Amino acid sequence: MNPVAGSPVRIEAFLDPRLSRWLWLVKWLLAVPHYIVLFFLWIAFFFVTVVAFFAILFTGQYPRSLFDFNVGVLRWNWRVGYYAHTALGTDRYPPFTLADVADYPAHLDVAYPERLSRGLVLVKWWLLVIPQYIVVGMFVGDWGWGWGESDRWHGGGLVYFLSLVAVIVLAFTGRYPVQLFDLLIGLARWVARVAAYAALMTDVYPPFRLDMGPQDFPPPLTKSSAGGTGGTGSPGS
């Protein structure tokens, strides 16, 4: 399925060809240090977004340094989710950094908007995005891609169920079902677009469209908003 042309939010992830059959049972535990760091990063994300709200309202611009920080938080959260509880498509431990890591198999980037609507900022995060919240709620169990009591998606939902099915298949067959992987990345891509829109990082309304598969193009990932390079990694099987 072709991705949405011109979408400012991009997610890519590549499946490790030699996943452990059983490591997924303890990844959530191994990721605890990340959960602790992300807890504080999401608090900072909230306050940064509040400051950005007023900056956009009065100037029509999202301060670049604040934007880069929030992209970094989304990126960090995506890498941890990809490793520990969303798709579980890699056994490589996530790096502790806001920047993109070119050779890590999971990437997230958001194109910086030169101008944002001063009127939309008043309504898009709570009113215009309500239909998307309903859809995302079905995907992840309840809304909050890192917002709330923990950094993770909360509750049950389609993403958790499909991830569990995928790793059970992996445990018994030694192979991760590629079609299921593509679907999970499509769901994560949808959620990321909604998260960025609700966080005031773009005026491009998230499409009601599932863009499956590991690669998200065009355009190619740009230089990382948080100071790294936006590489795409090496495709897995």
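The values are calculated or read from the model by the stated rules, or taken from the named source; none is laboratory data. Small disclaimer: the values here were computed from a predicted structure and weren't measured. Because the Cβ atoms are built from the backbone with ideal geometry, glycine has one as well, and the counts that use them run over all protein chains shown. Please note that ligands, DNA and RNA were not included when accessible areas were found on the heavy atoms of the full protein model with its side chains. Shrake-Rupley method; radii C 1.70, N 1.55, O 1.52, S 1.80 Å.
Multiplying the sequence separation of Trp126 and Thr173 by 0.36 nm and subtracting their Cα-Cα distance, what value in nm do you get?
12.5 nm
Just going by the charge dipole of segment 60-141, with Lys and Arg at +1 and Asp and Glu at -1 on Cβ, which of Pro131, Leu108, Gly119 is farthest out on the positive end?
The one lying farthest along the dipole's positive direction is Gly119.
For segment 190-219, which chymotrypsin sites (Phe, Trp or Tyr not before Pro) are both in a DSSP coil and crowded by at most 13 other Cβ atoms within 10 Å? Intermediate values should be presented prior to the final figure.
On the way: sites: Trp190, Tyr197, Phe208; in loops: Phe208.
Qualifying residues, ordered by number: Phe208.
With every protein chain kept in place and ligands, DNA and RNA left out, what is the accessible area per residue of segment 34-186? Probe 1.4 Å, answer in Å².
42 Å²
Tell me, what ³J(HN,Hα) does each residue in segment 56-72 have, in order and in whole Hz, if you take phi through Karplus 6.51 cos²θ - 1.76 cosθ + 1.60 with θ = phi - 60° and put x for Gly and Pro?
In residue order, the calculated couplings are 5, 4, 9, 10, x, 10, 8, x, 4, 5, 5, 4, 4, 4, 5, 4, x Hz.
Carbon and sulfur: what percent of segment 9-161's accessible surface (1.4 Å probe)?
Of all accessible area on segment 9-161, carbon and sulfur atoms account for 72 percent.
Could you derive backbone 3J(HN,Hα) for segment 19-31 from the dihedral phi with the Karplus parameters 6.51, -1.76 and 1.60 (θ = phi - 60°), listing whole Hz in sequence and x where the residue is Gly or Pro?
6, 5, 5, 10, 4, 4, 5, 10, 4, 4, 6, 5, 8
Taking 0.36 nm per residue of separation and subtracting the Cα-Cα distance, what length does fully extending Phe39 through Ile134 add? Don't skip to the answer; put the middle values down first.
Values: separation 95, 0.36 × 95 = 34.20 nm, distance 2.44 nm.
The Phe39-Ile134 span can extend by a further 31.8 nm.
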